[in-house]
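These notes concern the structure reproduced below.
The values are calculated or read from the model by the stated rules, or taken from the named source; none is laboratory data. Everything numeric here is computed off the predicted structure, so don't read it as measured data. Here Cβ is always computed from backbone atoms with ideal geometry, including for glycine, and neighbour counts include all displayed protein chains. We work out accessible area using only protein heavy atoms, side chains counted, and drop any ligands, DNA or RNA first. Shrake-Rupley method; radii C 1.70, N 1.55, O 1.52, S 1.80 Å.
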Amino acid sequence: MAQVSAARGDARPAESGTFDAVVVGAGFAGMYMLHRLRGLGLTARVYEAGGGVGGTWYWNRYPGARCDVESLQYSFSFSEELDQDWNWSEKYSPQPEILAYANHVADRFDLRSQIAFDTRVTAATFDETAGTWLIETDRGDKVTARFCIMAVGCLSAPNRPVFPGMNDFRGPIYHTGEWPHEGVDFTGLRVGVIGTGSSAIQSIPIIAQQAAHLTVFQRTATWSVPAWNAALSADALKEAKAHYPELRAKARARPTGFYFLFNTQPALQASAAERERQYEEAWQRGGLPFLGAYGDLLFEKAANDTIADFARKKIRSIVKDSATAELLCPQNVFGCKRLCVDTDYFETYNLPHVHLVDVSTTPIARITTDGIVVDGTEHKVDAIVSATGFAAMTGSFDKIRITGRSGETLAEKWRAGPRAYLGIASQGFPNLFMITGPGSPSVLASMIQAIEQHVDWLADCISHMRDVGAATIEPTREDEDAWVTHVNDVSTVSLRSTCSSWYVGTNIPGRPRVFMPYIGGFPVYVQKCNEVMNAGYDGFVLDGARSGNAAPQVRFTGRWQVPLDIEVISPAAVAARRVPVV
C-alpha cells in the first residue's frame, strides 16, 4: 500500500535567533499577518510545512477543487490596488487559479524572504521568566519570539480513518487534502472513493470521466446545490471592479461576511406555491445563497422541512435509478452540515460505470489487496481516494506541543473542548494568538474576510501593547469562560447543532462534542471584538502596561467598524430568538 503525499523540499541549515513574532503557517492568514507585522516595523519569521504559500490551496489539489464562495469575494480586501490588479476567470475559480492568486500576493508584497518552507513547527514553549516563546521545528530550528501567532487553518489536518487490511492494499491510497502535486491519471482504472463530503462531491464527477469503473462508499448522504459555475466576462469584471469598495462594505455587514440576495421573510408564512417559486429561483441562482431563500430555515424545523423536501425532489428528478436516488437523499436537517456546491454531482450517478455503496448501517469491514469489503462483498478497485475530511478547527493545534504557564499544554487544557476568548487567545498562554480559532465565526463566514478581521485586530492589539509598554497579554479565566459559554449557548438555537458534523468534531472518534465555530453572525462577532478593543481590551490582562487598559489608537480595525445590516440582521434575530442567521 502506498500512502501518497507531497514531497519535501531541499534541506536547509537549522536557524536560531530572536524575532518579535513567529507565525505558524503561510496560507492567507499567515501571509496577511506577515504583511501587517512588517508594516509595524516588527521582525517576523513564518514557518510553513508546505513547499509554497497558499495553505489549503497548496495541499488541496484534488480534481475539481474550488471554493464555495464566489471568487470576487473570496479574495483579500485590504488593498484596492490588489482588487484592480487581479482578474478572476470564473464565478468559482479553480484551485490552480486560487493558488496562483496566493502566489501573486506573496510576490506583490515581497513576503517570501521571511517564510521558511518545508518546515513544520513541532513545539512552542512559553518562558515565564523571559516572557518569550521558544519555537522548535522538525528541521532543528530553535528561535525565540515575543509573540507566537497560529495561522494553521481550520481545515488543514487530514482525517485518515484506519481500516483493517489497509497495509495489504496493492494500489495507491490518496487523501483529497494531500493530493499529489503532479496530479493523478485514473484512466482505465477501477477507483473507490470513500466519503461524500465537499471534496468528494467536487472530485467524483471528474474522476468518473477518467475511471473505467467508480465505486462510491457513502456513510451519510450530503446536501448539495448546483454551482452553475461560468466564466466571468470582461464586462462583468469591469462592473465588479468599478464597485468593489461598496461590495466589500456590504459584505462586512452581512452575517456570513459575504454579500448575496437574502430573503428575511419566514418560510412558514408563505404559501406552498410561493415557497416552491422562491426555492426554484434560489436553486437556479445556485450556491450557498440557496440557504438565503427564507430567514428561518436554520432555526425552525418545520421551515427547514420545506426546503429539504424541495431538494429531495430535485435529487429524485436528476438520478434515474430510484434506489440510488433514495440513498442520495439526506434525512438530516438541510444545511445542518456544511452545504456543498457541485457541478453535475448527482448526474454522475446516471453513468453506467458509477456505483453507490451504502455503508451507513453496514460499514466498510476491511480492505484487501485488491479491493474494499462491505457486507461480505469485495468491491475490486485499483486505487482508493480517501475523501474523509479533516480534524477541523483544532487538528493542527494537536500536532504541535504548545506549553504555557506552569507547564500546562494546550492539549491538556482543551481535552474537554477548545477554550479561547473570542477565538483569538487562551488564558494561561500569554502572547499566543490564534487566527480564526475555535470560538470565532471562521468556517461559518467567508474565510478571507474572517482572517483579515482577526489580523487587523491583532495588529492594533500589538501596536497598543507597544504604545503602553505592555509585556504580555492574555484573557482572564472569567471572561474566557463566559465567551465559551456564550458560543455554546448561541449554537443551541440553530438547527446546525442537532446533527453530527465536523462543526462539533464528531467525525473524529473520541473527540468531545462541542460546537466550535461562533454561529452568532460575523458582524455581531466583529462588533464584540470592537467593543473589547475600544474598552481597552476588556477581558484581557496587559501585564506591565503603563496606563492599564487604556483605549487604543485605531490603526487597522476602522474598516471593520461598520453598521450592522439591520434589514438582514433584525428579522433574522427575531427568528433565532435574538441570534442572527448564519
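May I ask you to list the residues in segment 410-434 that are farther than 16 Å from PHE515 by Cα and open to solvent by less than 10 Å² (accessible area, probe 1.4 Å)? Full working, then the answer.
First, pick out the residues of segment 410-434 that are farther than 16 Å from PHE515 by Cα: 410-413, 424-434.
Within segment 410-434, LEU410, ILE424, ALA425, SER426, GLY428, PHE429, PRO430, ASN431, LEU432, PHE433, MET434 meet the criteria.
Do any strands (runs of 3 or more DSSP E) lying entirely in segment 1-111 carry at least 3 residues that are touching a residue at least 12 places away in the same chain (Cβ under 8 Å) and open to solvent by less than 50 Å² (accessible area, probe 1.4 Å), and which ones are they? Can you show your working first?
Details: elements: 2-4, 16-24, 44-47.
Counting at least 3 such residues, we get 16-24, 44-47.
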If you check GLU531 against the conditions, is it in a helix (DSSP H, G or I) and either over 23 Å from ARG248 (Cβ atoms) or modelled with pLDDT under 90 (or both)?
no
Does ASN103 count as in contact with a helix residue (DSSP H, G or I) (Cβ under 7 Å, 6 or more places away or on another chain) and at pLDDT 95 or above?
no
Out of curiosity, is PHE186 in a loop (DSSP other than H, G, I, E, B), on the phi < 0 side of the Ramachandran plot and over 27 Å from the mean Cα position of the chain (by Cα)?
yes
Can you tell me which residues in segment 115-154 are closer than 23 Å to ARG36 by Cβ and of a type in the set (A, V, I, L, M)?
ILE115, ALA116, VAL121, ALA124, ILE135, VAL143, ALA145, ILE149, MET150, ALA151, VAL152
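Restricting to segment 318-338, name every residue that is in a helix (DSSP H, G or I), over 17 Å from THR196 (Cβ atoms) and in contact with a Phe, Trp or Tyr (Cβ under 9 Å, 6 or more places away or on another chain). Working first, answer last.
Step one: of segment 318-338, the residues in a helix (DSSP H, G or I) are 318, 322-328.
Those left that are additionally over 17 Å from THR196 (Cβ atoms): 322.
None; the set is empty.
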If only one of LEU261, LEU291, LEU214, LEU297 is assigned to a loop (DSSP other than H, G, I, E, B), surrounded by 21 or more Cβ atoms within 10 Å (Cβ to Cβ) and of a type in the set (A, V, I, L, M, F, W, C), which one is it?
LEU297
If I filter segment 300-324 down to residues being open to solvent by 10 Å² or more (accessible area, probe 1.4 Å), of a type outside the set (Lys, Arg) and closer than 18 Å to CYS336 by Cα, which single residue comes out as modelled with the lowest pLDDT?
GLU300
Among the residues of segment 215-223, is there at least one that is at pLDDT below 95, among the β-branched types (Val, Ile, Thr) and under 27 Å from VAL524 (Cα atoms)?
no
So, in segment 13-46, how many residues would count as being at positive phi and under 28 Å from the mean Cα position of the chain (by Cα)?
1
